[in-house]
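Undergrad: Got a structure for you, questions after.
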Amino acid sequence: MRIHTGEKPFLCNECFSDQTSLKQHSSTHTGVKPYRCEVCGKGFHRKTYVRLHMKSHTEHISD
């Protein structure tokens, strides 16, 4: 996949200046969720999202 070529393999108008951002965004279209919550097994596109989600488990336990 190339950046700023006009090629649009997905129906999305997003444009990225670097390959890393493009790859991260592309995962939202593929449905691939390689990062899993260790508590409930829910899948996420990014490790950051798992970390945010994990807070919901720890906040629930401490109530």
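Undergrad: Return the residues of segment 25-47 that are among the charged types (D, E, K, R) and out of contact with any strand residue (DSSP E or B) (no Cβ under 6 Å at 6 or more places or on another chain); say none if nothing qualifies. Give the derivation first.
TA: Initial filter on segment 25-47 (among the charged types (D, E, K, R)): 33, 36, 38, 42, 46-47.
Residues satisfying the conditions are GLU38, LYS42, ARG46.
Undergrad: In segment 35-63, which residue that is modelled with pLDDT under 90 and assigned to a loop (DSSP other than H, G, I, E, B) is farthest from CYS12 (Cα to Cα)?
TA: Once the filter is applied, the top-ranked residue is ASP63.
Undergrad: Give segment 11-34 a look and list any residue that's of a type in the set (Ser, Thr, Tyr), in a helix (DSSP H, G or I) and surrounded by fewer than 13 Cβ atoms within 10 Å (Cβ to Cβ), or say none.
TA: Within segment 11-34, the first condition is being of a type in the set (Ser, Thr, Tyr), and the residues that meet it are 17, 20-21, 26-28, 30.
Subset that is in a helix (DSSP H, G or I): 20-21, 26-28, 30.
Those that are of a type in the set (Ser, Thr, Tyr), in a helix (DSSP H, G or I) and surrounded by fewer than 13 Cβ atoms within 10 Å (Cβ to Cβ): THR20, THR30.
The values are calculated or read from the model by the stated rules, or taken from the named source; none is laboratory data. Just so it is clear, the model here is predicted, and its values are computed rather than measured. Here the Cβ is made from the backbone with ideal geometry for all residues, glycine too, and neighbour counts use every protein chain on show.
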